[in-house]
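Working notes, beginning with the structure itself.
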Amino acid sequence: MLEEWGVLFEAEVLPRMDPTSRAVLAQVNRAGRDAVRLRADLACAGWTVGVPLKVADFVGSVGRLAWAKANGCPWVARTCAIVAQGGDLVVLQWARAHGCPCDAGLTCWFAARQGHLEVVAWLISEGLDINFASEPYGATPLYVAALYGHLDVVEHLVGAGADVGIAPAGSGATPLFAATQKGHTDVVTLLLSVPGADVNAALTDTENTPLITAAYNGHLGVVECLLAVPGVDVNQDSNTGATPLYVAAQNEHTDVVERLLAAPGVDVNQARVDGSTPLGIALIKGHAEVAQKLRAAGATEPHG
């Protein structure tokens, strides 16, 4: 009977216990410690009396984090950043008041990625380097907030003076590019209103522009925002020679094709370096409606 209860406990009860309860159980006696250790699939980073725990599981309240600190939680800058990622400002302030080291830039990066405006605002008030670029990718808090579509955080960072032109590790991917790639139209609109935002800034490797990326992914709202910017180059191509019109035709984004064809100065016949045109790729892919619209706009029939 006792053996059956042990099997039941391990299979059904232990997985349902939160990390704090499991850690407390491990401190009760050897049997408890052995039971927790047997379930290695419950283990993660950090150690408490030989029982692995996630720091992230203890950031929901001051009480939980205090318990973790007293039982071996690493009291290092990354812990502070993980607390910020949890989004509870009171817990973060408690950690700082109790000596947890804080790399303000890294901590803000974690908070911005999750969209925790209150935490980001407090860190800015503490005088952090707002343009801190997190390793190994070199992404700033503004970049990750734009990438994940956190409009309120983006707005606050921009208002505090964040540089809209910083790209991770020399990639050329600005916050505007990140928001464009993910289709965050509201964030794109905000960033385009900031002095210094370059609507034609291209990636350093593929030379894709925000407009090429938006057209490729079929983000019509973003395409419309970008085309409304004075100076946008509707025909700027990538390192393969692909234009926004080409990639939209290739991926059968008919509404995007239609919008690009209405843009002043668009070259309906601009070819890639291999000679393929928007109409040519549409025909190869069997996109009949796209081909029809390109022909109506004066596209030349491909040879052969």
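No value in this document is a laboratory result; all are computed from the given coordinates. All values reported here derive from a predicted model rather than from experimental measurement. Cβ atoms come from the backbone with ideal geometry, glycine included; neighbour counts cover every protein chain shown.
Please list, in chain and number order, the residues 5+ apart from residue 134 or on another chain whose amide H is under 5 Å from its amide H, with Hs placed from the backbone.
Result for residue 134 returns 139, 140.
Near residue 285, which lysines are there with a Cα under 21 Å away, not counting those fewer than 8 places off in the same chain?
Output for residue 285: 293.
Tell me, in nm to one decimal, what length is gained between residue 126 and residue 186 on full extension, where the rule is 0.36 nm per residue of separation less the Cα-Cα distance?
Between residue 126 and residue 186, full extension yields an extra 18.8 nm.
Relative to the present Cα-Cα distance, how much length would full extension add between residue 273 and residue 67 at 0.36 nm per residue of separation? Intermediate values should be presented prior to the final figure.
Working: separation 206, 0.36 × 206 = 74.16 nm, distance 6.24 nm.
Length gained, residue 273 through residue 67: 67.9 nm.
Between residue 229 and residue 301, what is the FRET efficiency for a Förster distance of 30 Å, r being their Cβ-Cβ separation, to the nearest 0.05?
With a Förster radius of 30 Å, E is 0.35.
Can you list the HN-Hα couplings for segment 81-91, worked out from phi with the Karplus curve (6.51, -1.76, 1.60; θ = phi - 60°), rounded to whole Hz and with x for Gly and Pro?
3J(HN,Hα) across segment 81-91, in whole Hz: 5, 5, 4, 4, 4, x, x, 9, 4, 4, 5.
If you rank 88, 205, 237 by fewest surrounding Cβ atoms within 10 Å, what's the result? Write out the running numbers ahead of the final one.
Values: 88 18, 205 12, 237 23.
Starting with the residue having the fewest Cβ neighbours, the order is 205, 88, 237.
Report Rg/Rh for segment 192-261, rounded to two decimals, where Rg is the Cα radius of gyration and Rh the Kirkwood radius. Intermediate values should be presented prior to the final figure.
Details: Rg = 11.2 Å, Rh = 11.9 Å.
Reported Rg/Rh, Kirkwood definition of Rh: 0.95.
Which lysines, if any, have their Cα less than 26 Å from the Cα of residue 69, not counting same-chain residues under 8 positions apart?
54
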